Amino acid sequence: MKTYIGKSVYKGIVTGPVVVLKNDDYQVKRLKIEDAESELARLEKAGEQAQKQLQGLYDKAVKEVGEASAAIFEVHQMMLEDEDYLDAIQNMICTEMVNAEYAVAVTGDNFSEMFASMDDDYMKARAADVKDISNKLVKNLTGQGEVDLASIKPSIIVADDLSPSETVQMDKEKILAFVTVHGSTNSHTAILARLMNIPALIGVPIDLEEIQTGVQGVVDGFRGEFILEPSEEVCTQTKERMREEEEKLHLLQNLKGKENVTLDGRQINIYANIGSVGDVGYVLENDAGGIGLFRSEFLYLGRNDLPTEEEQFQAYKQVLQMMAGKKVIIRTLDIGADKQVDYLNLGQEENPAMGYRAIRICLKQPEIFKVQLRALLRAATYGNLSVMYPMITSVEEIEKIFVIVKEVEEELTKAEVPYQLPEQGIMIETPAAVMVSDELAELVDFFSIGTNDLTQYTLAIDRQNEKLDDFYNPHHKAILKMIRMVVENAHRYGKWAGICGELGADLTLTEEFVRMGVDELSVAPSMVLKVRKQVREMNASEA
Ligand code: PEP
Ligand code: MG
């Protein structure tokens, strides 16, 4: 038995088999070979393995997201058989007498650059695909072939780090817990673990090479412990604690259907945050009054091209229909910083958190923004939709957004497409937005305070930097004063203000938020009933 200590990002306790996802940022080395034939045979075998992996991905995607979205894996299968691509790799092996992984990596880079430099948008998008299939081949050749997450039984996933795009692609049913060597408590991967209701530990000092997939593990998010090959005694204790946790959750179920009202009658909305259509089940299961933040950018991650208007429309419509008239606040694309997509070619930035992201991309590339707005306005006729814009800093940005929204309305009217203009609000997550929140309140319908970024920008602390976790203090007086100011300014203009950042679920602050006059708290689905309990046991008028 071996115990490791890390930082907990979601409290929960589980036991189960471990699956190790090996780091894939290894360097491909150029090696001289003697026998080209056996190298070609290795290449062929890796290709066959990749074909099988892609077929598995295709079958899974057809079931979960439909044939149109799954088609990309068919494209990858065809690319793997492309004669020009294969000839280039085989030629390199035979003429330069180099190892197959090197020939694949170089050919992949060359083809990718060739696609990227083409004028045609469709061909440009293939640059990322050819990189993907080359990486797959290299991994298979080096024996680091991806763990087929589709075929594992529910497991504890152990990795060096996980990006948001890797995390969203995982099958939630197959994940008991996450354990990572790196990562910060405020990253989107941590947020996703909370959304998925999955115990998660980060900063766990493990050597991935020393752990075997298949061994038994325990993740204790309460104590921040990851235990490998637990003793009989620890196994028994763990099972007992899991049972106790189940019981506590069971007790919370009694609060379903009850109002979010304080002892002295103050009412508040408790909504839930989601990242995908698949999360709506958790929202309903936990009796949230609505969806306070749908991070729509997750629809854009883990794929090779932009989601089309139709794909987005179907996703938004489905969420609205499932929520059956309850409020659904969809945030427009908040890509950038840690949420990267290759196909947008955003490039490397010195300070990505302060970089080209979110509404800045939408205002600079309105063609991307308009596709999403069209899908949103069309979907609005199917339920109670509100749209929310991220990373706002000024009145001018709102004015520019409204011009684009107007254009979209005119286009839809002209094309006789049914639509509705939803309520429009903004995220307050920059100090600038806080300071001009009086002016902003006049223009928009509501505010939702993004405490994750607001803390990052106010305290000048990169939320991705794990070294700064101890300094990242959302309880800082500056943040609490800002929240109060935003709420007061919203109310002055008859608008409502909520909190959708992680601080909204901080039970030690629930009373303070309610007393400040916060109208809505949007939290991970698993936190809805806990916050409701807190609200129902407090007095709003107490000093
Ligand atoms: C926030 O910044 O608080 C927020 C809710 O948005 P995100 O965490 O996605 O940046
Ligand atoms: Mg944010």
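The values are calculated or read from the model by the stated rules, or taken from the named source; none is laboratory data. Here the structure is a predicted model, which is why all the values come from computation and not from measurement. Every residue, glycine as well, gets a Cβ built from its backbone with ideal geometry; the counts of neighbours run over all protein chains shown. Quick note on the areas: whole protein, heavy atoms, side chains included, nothing else; ligands and nucleic acids left out. Shrake-Rupley method; radii C 1.70, N 1.55, O 1.52, S 1.80 Å.
A few notes on this one:
- Taking the Kirkwood radius as Rh and the Cα radius of gyration as Rg, segment 36-142 has a ratio of Rg/Rh equal to 1.00.
- A simple charge model with +1 on the Cβ of Lys and Arg, -1 on the Cβ of Asp and Glu and nothing else charged puts the dipole of segment 384-505 at about 480 debye relative to its Cα centre.
- Relative to the dominant Cα principal axis of the chain, helix 83-96 is inclined by about 60°.
- For the pair residue 48 and residue 360, the difference between a 0.36 nm per residue extended length and the Cα-Cα distance amounts to 108.0 nm.
- On full extension, the segment bounded by residue 254 and residue 467 gains 72.6 nm, given 0.36 nm per residue less the C-alpha separation.
- Only protein heavy atoms count here; on that basis, with a 1.4 Å probe, residue 488 has an accessible area of about 110 Å².
- Solvent-accessible area of residue 114 with every protein chain in place, 1.4 Å probe, in Å² to the nearest 10: 90
- Two-site FRET efficiency, residue 40 against residue 350, from Cβ-Cβ distance with R₀ of 30 Å, rounded to 0.05: 0.10
- Cut-off under 5 Å, modelled amide H: who pairs with residue 201 long-range: 9, 178, 179, 180
- Cα-only radius of gyration and Dmax that characterise segment 320-449, units Å: 15.1, 45
- Mean shadow area of the chain, taken as a quarter of the surface of its Cα convex hull (nm²): 26.6
- What you get for the chain, charging only the Cβ of Lys and Arg (+1) and of Asp and Glu (-1), is a dipole of about 2060 debye around the Cα centre.
- Estimated FRET transfer efficiency when R0 is 51 angstrom, pair residue 229-residue 478 (beta carbons, to 0.05): 0.65
- Placing unit charges on the Cβ atoms of the charged side chains and taking the dipole of the chain about its Cα centre, the candidate lying farthest along the positive direction among 318, 93, 19 is 318.
- Ellipsoid equivalent to segment 256-536 - semi-axes via the Cα gyration tensor, in Å: 27, 23, 19
- Dipole-positive endmost among 531, 137, 394 within the chain (Cβ charges, Cα centre): 531
- Karplus-derived 3J(HN,Hα) values for segment 302-312, using 6.51 cos²θ - 1.76 cosθ + 1.60 with θ = phi - 60°, are x, 8, 10, 8, 5, x, 6, 4, 5, 4, 5 Hz; glycine and proline are entered as x.
- Fraction of antiparallel bridges per DSSP, segment 256-536 only, in percent to nearest 5: 5
- ³J(HN,Hα), Karplus 6.51/-1.76/1.60, whole Hz, each residue of segment 462-470, x for Gly, Pro: 4, 5, 8, 7, 5, 5, 9, 3, 5
- Beta bridges per DSSP with both ends in the chain, % antiparallel, nearest 5: 30
- Among the listed pairs 256/339; 32/131; 2/467; 7/530; 11/477, those whose Cα-Cα separation exceeds 31 Å are 256/339.
- Long-range HN-HN contacts of residue 423 with modeled amide H, under 5 Å: 387
- Mean residue ellipticity (222 nm) of the chain, computed from DSSP H runs ≥ 4 via -39,500 (n - 2.57), nearest 500: -14500 deg cm²/dmol
- Rounded to the nearest 10 square angstrom, residue 475 shows an accessible area of 80 square angstrom against a 1.4 Å probe.
- Accessible area ranking (1.4 Å probe, heavy atoms, ligands and nucleic acids excluded), largest first, for 419, 382: 382, 419.
- The loop-placed GluC sites (Glu not before Pro) in segment 377-443, going by DSSP, that have at most 11 neighbouring Cβ atoms within 10 Å of their Cβ come out as 416.
- Applying both filters, DSSP loop and at most 15 other Cβ atoms within 10 Å, to the trypsin sites (Lys or Arg not before Pro) of segment 288-356 eliminates every site.
- Selected from 302, 5, 449, residue furthest toward positive end of dipole (the chain; charges at beta carbon): 449
- Relative to the longest principal axis of the Cα atoms of the chain, the long axis of helix 67-80 lies at roughly 30 degrees.
- Summarising the label geometry, the points placed 7 Å from Cα in the beta-carbon direction at residue 415 and residue 174 lie 3.7 nm from one another.
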